[in-house]
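The values are calculated or read from the model by the stated rules, or taken from the named source; none is laboratory data. These numbers come from a predicted model, not from an experiment. Cβ coordinates were reconstructed from backbone atoms using ideal geometry, including for glycine residues, and neighbour counts include every protein chain displayed.
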C-alpha cells in the first residue's frame, strides 16, 4: 500500500507540474491589465480591443460603423473585403446578427445593403453612407 | 448601459436566481441530506429553466422575459412538488473523514485558485472563440434579436459553416440569459462558464465524498480539474465543451448511482442525458454509451440496469428528435461516411491517429505520464470501471472521427481533438479518485461493489 501511495503522489506531483506549466504569469498580468483598462468601456470598444478583432482591428471598426448606420428593418448585409479570411466571415456574421450577413456572396439578395471595406464603388450600387474604412451602398434603382 | 461590472452583477443575479429555483426543484431529483449535490443539480436545473423558457414563450407567442421565466419556474416547481420525493432506505452513515486539516486547506486553496484563474481567463474580454462567433454565440444572438432562429439560418448554403445541424441548447441558454438581462452582452455572459466550472467541481467533490472517498482525495481530484487549462481556458469560453463536461460528469455519476439503485438516480440520469443531447451531437452518442455501460454492468439486477439504460437513451433520443423536427434532416457538414468504402480509408485512419500521437499526445506526455501513474497506483473498483468505460467510448469515437472528416483527418485533429477530449476530464477525475480511494483509505463504508460493467 505504501508503494502505491508513493506512485500516486509522484503521479499527482507530475500532474500538478504539467498543469502549472500552463499558468503563465505574464499572460495573466496582461489579462488583468486589459480587463481593468477596458472594464469601463462600452461593449463594442471592449471587443475592438479583444482577440476576435486582433486579425484586423480596423475591420471590426468598419463593421461596427456600418452596423450603426443601418436603418431598422434592414434585410441583410453583404460585405466586400479584400482577401477575406475565415476570421472575416465569422466576425462579420456575428457583428450583424440577428441580421443575415455574408462576406463576398456570389449573389446579393434583394433589399440587402452592400458594405465595402476599403476603396471602390461597385457597379449598380449607389453610396448611402461613408463609414470608417469604407462605405455603405444600396442597389441603384 | 456601459461598463462590464454592472452587467456582470446582473448576470450573476440571473444565474443565482435560476440556481435557487433549480435548488428547490432539485428536491425531486436528489434525496435529502445531500446539500452539495442538490446545489449542483439545482444549478443544472436552473440552466435548463433559462434555456427552456425561451422556446416555450416564443411558441406561445409571448415575449421571453421575466414574466415568462416566472411562469416557467412556477410550472417546474409545481411539477417538482408533485413528483414523489426520491427516498429509500437510509444510506449507511459513512462518517466522512475530514482528512488532515492542512492538506484539505491546501487543496481547497488550489481549487479556489483554479476557479479564479478561469474567471480571469473567461472574463478578460468579450467571448471570442471561433466557434462562439460562428456557431454558439451567433445563434444565441440571432435567437435574442430575431425572437427565434429563422429558417434562413439553416437554409442558406453560404452559412453551412455555422453548423445548422448542431443542437441549439447552448444558444437557447445564452439567449435566455440575454432576454432576462434585456440585452445581448457577450462579455458579461461569459460568467456562465466559470459558474458551470464551479458546479462541476461541486458535483465531483460531493459525489466522491458520498461514495466514501476521503475529502482530501476528492479535493485533490477537484484541484487538478480546476487547474486543467485545456478545458478551462479563454478559448473554450463560449463553446460547448465546458457545459458538456458538467453534463458528462452528471451522466457518469448518476449512471453509477442508477445501477446501484440510488433513489432519484434515473431521474438525474435522464435529465443529464437530455441536456447532453440538447447541447452537442455527441451528447446522443454518450447517452447511448451510458445505456450500453448500464446494460453490461455485472452483478446488478437486469431490471435496474435496463431502467438506467432507458433513462439514459430515451430523453436523449427525444432531444435529437426535437432538433430534427425543427430543421428537418441536415447533413453532418464535416463528415462523410462514404470514406469507409474508399481505398484510401486506411491511410486516412493512419493519418488521423498519427496526428493525434505526434501533435496532441506527445506534447502532453507529462500529463499523460501522470495519469498513467495515478491509474496504476489505484485499485480496481466497479464504479471507476464504469466511469472509465463511459469516458473511453467517446474518446474512441473522437479518435476515429478524423478519418471521416471531409477537410482531412489532420485538420480535424488539430482543430478539435484536444478540445473535445478535454470535456472528458471530469469523468476521468472522478474515476481516478475512486481508484485511489482504497489506497489512501476510505472515509467509511463503500457503496461500490466488486460488480461492475463488463466493458
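The residues of the stretch B:151-174 that are facing chain A (nearest Cβ under 9 Å) and closer than 22 Å to residue B:277 by Cα, listed by number, are B:153, B:161, B:162.
Each residue in the stretch B:22-34 was checked for being over 20 Å from the mean Cα position of the chain (by Cα) and part of a helix (DSSP H, G or I), and 3 pass. Scanning the stretch A:41-54 turns up no residue that is more than 10 Å from chain B (Cβ to nearest Cβ) and surrounded by fewer than 17 Cβ atoms within 10 Å (Cβ to Cβ).
Scanning the stretch A:86-107 for residues that are touching a residue at least 24 places away in the same chain (Cβ under 8 Å) and surrounded by fewer than 19 Cβ atoms within 10 Å (Cβ to Cβ), we see that the one that is farthest from the other protein chains (Cβ to nearest Cβ) is A:104.
Here are some residues: A:135, A:129, A:115. Which one is in the same structural domain as residue A:66 (by TED's automatic domain parsing), closer than 27 Å to residue B:148 by Cβ and in a strand (DSSP E or B)? Only one candidate qualifies: A:115. Scanning the stretch A:35-44 for residues being touching a helix residue (DSSP H, G or I) at 6+ places or on another chain (Cβ under 7 Å) and over 11 Å from residue B:121 (Cα atoms) gives a total of 3. Residue count for the stretch B:361-383 satisfying the condition of being under 18 Å from residue A:15 (Cβ atoms) and more than 14 Å from chain A (Cβ to nearest Cβ): 0.
Could you tell me whether any residue of the stretch B:150-158 is crowded, with 24+ Cβ neighbours inside 10 Å and touching a residue at least 24 places away in the same chain (Cβ under 8 Å)?
Within the stretch B:150-158, none of the residues are crowded, with 24+ Cβ neighbours inside 10 Å and touching a residue at least 24 places away in the same chain (Cβ under 8 Å).
Within the stretch A:1-24, take every residue that is more than 18 Å from residue B:226 (Cβ to Cβ) and more than 7 Å from chain B (Cβ to nearest Cβ) and give me the one that is modelled with the lowest pLDDT.
Per the criteria, the residue is A:2.
Any residue at all in the stretch A:69-85 that is assigned to a helix (DSSP H, G or I) and either crowded, with 22+ Cβ neighbours inside 10 Å or facing chain B (nearest Cβ under 7 Å) (or both)? No; the residues of the stretch A:69-85 include none that is assigned to a helix (DSSP H, G or I) and either crowded, with 22+ Cβ neighbours inside 10 Å or facing chain B (nearest Cβ under 7 Å) (or both).
Within the stretch B:60-79, the set of residues being part of a loop (DSSP other than H, G, I, E, B) and over 14 Å from residue B:177 (Cβ atoms) comprises B:60, B:61, B:62, B:63.
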